[in-house]
């Protein structure tokens, strides 16, 4: 363990930045200026917890790094320490805004602590074992679908040798089988949880919204039904953001949020426009008003999400009478 020591006031609440690498955890305590480098393993995480337990910790900020951050985040949550998981791009933009152009693990840990102090962050909730399993299955399915698209594109190339085309067809059959296996595992997992099963029934009760969309939202948007309409839209990245300066009124656009959720909402909105009267009429009004197709679909994504959020919150499936009563 390496550390820089400085005098610390234990009566103040600290914000800690943790830069997670495959082998190490670089930790910076903002009040004391201490820097620790620990191993990213059971022993290193135990040492980190022993340092944090005597302190009043306001927040630990960690970048989302695929699987690398999971164990340390889970252990911190288990110990009752608040954790925020931030987008690496947002953390880098904050670093540039304060003039930190260099990038090392040590610098990144300090930047994360400053970012945690400077902005409001969504606090993680400890996921259940089932939630972790569902997230992993959905992530694996997403990777397989991307592989399938790539192989289909290769197969469509006319100049491919015969052997390459034969192998591509064999691989596509294998990918299709694995996707089906994962779909069955996801369905079984959701059926084993009454809350998820009911939530899925509510989501898919809207005409055009598929089971795949419901599964994606269960994994990537567990907050559905727990936040207000503005919060859920911003969290998902479908809230229209202002772009004004002085007398200029710029075009509103969406930005940030959770990319997998936006992808799922796009396909769901596209289908809802075709099969659900509520969203078909909504899209028609926008189209008749001269709105471009991209704007129409984006607005429908937001309306669909807000509708789903209210339905889940009130434990109500889609019916024309219910929809007429929604704001």
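The values are calculated or read from the model by the stated rules, or taken from the named source; none is laboratory data. Everything numeric here is computed off the predicted structure, so don't read it as measured data. Ideal geometry is used to build each Cβ from the backbone, glycine not excepted, and the neighbour counts take in all protein chains shown.
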Tell me the residue from 186, 175, 190, 203 that is in contact (Cβ under 8 Å) with a residue 60 or more places away in the chain, assigned to a helix (DSSP H, G or I) and surrounded by 16 or more Cβ atoms within 10 Å (Cβ to Cβ), please.
203
Unmet requirement for residue 171, which otherwise passes all of (1) outside the structural domain of residue 232 (by TED's automatic domain parsing); (2) under 24 Å from residue 276 (Cβ atoms):
(2)
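For the range 91-101, does any single residue satisfy the condition of being in a loop (DSSP other than H, G, I, E, B) and either touching a residue at least 40 places away in the same chain (Cβ under 8 Å) or under 18 Å from the mean Cα position of the chain (by Cα) (or both)?
Checked against the condition, which is being in a loop (DSSP other than H, G, I, E, B) and either touching a residue at least 40 places away in the same chain (Cβ under 8 Å) or under 18 Å from the mean Cα position of the chain (by Cα) (or both), the range 91-101 yields no hits at all.
This table checks each residue for (1) part of a loop (DSSP other than H, G, I, E, B); (2) at pLDDT 85 or above; (3) buried (at least 17 other Cβ atoms within 10 Å of the Cβ).
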| residue | (1), (2), (3) |
| --- | --- |
| 46 | no, yes, no |
| 49 | no, yes, no |
| 62 | no, yes, yes |
| 65 | yes, no, no |
| 71 | no, yes, no |
| 76 | no, yes, yes |
| 80 | yes, yes, no |
| 84 | no, yes, yes |
Tally time: how many residues in the range 15-32 are farther than 14 Å from residue 55 by Cα and either in a loop (DSSP other than H, G, I, E, B) or over 26 Å from the mean Cα position of the chain (by Cα) (or both)?
3
If you take the residues in the range 279-294 that are more than 23 Å from the chain's Cα centre (by Cα) and closer than 23 Å to residue 234 by Cβ, which one is surrounded by the fewest Cβ atoms within 10 Å (Cβ to Cβ)?
292
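Test of understanding: among 151, 223, which residue is within 19 Å of residue 317 (Cα to Cα) and either not in a helix (DSSP H, G or I) or not assigned by TED's automatic domain parsing to the domain that holds residue 260 (or both)?
223
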Does residue 68 satisfy the condition of being more than 18 Å from residue 121 (Cβ to Cβ) and in contact with a strand residue (DSSP E or B) (Cβ under 6 Å, 6 or more places away or on another chain)?
yes
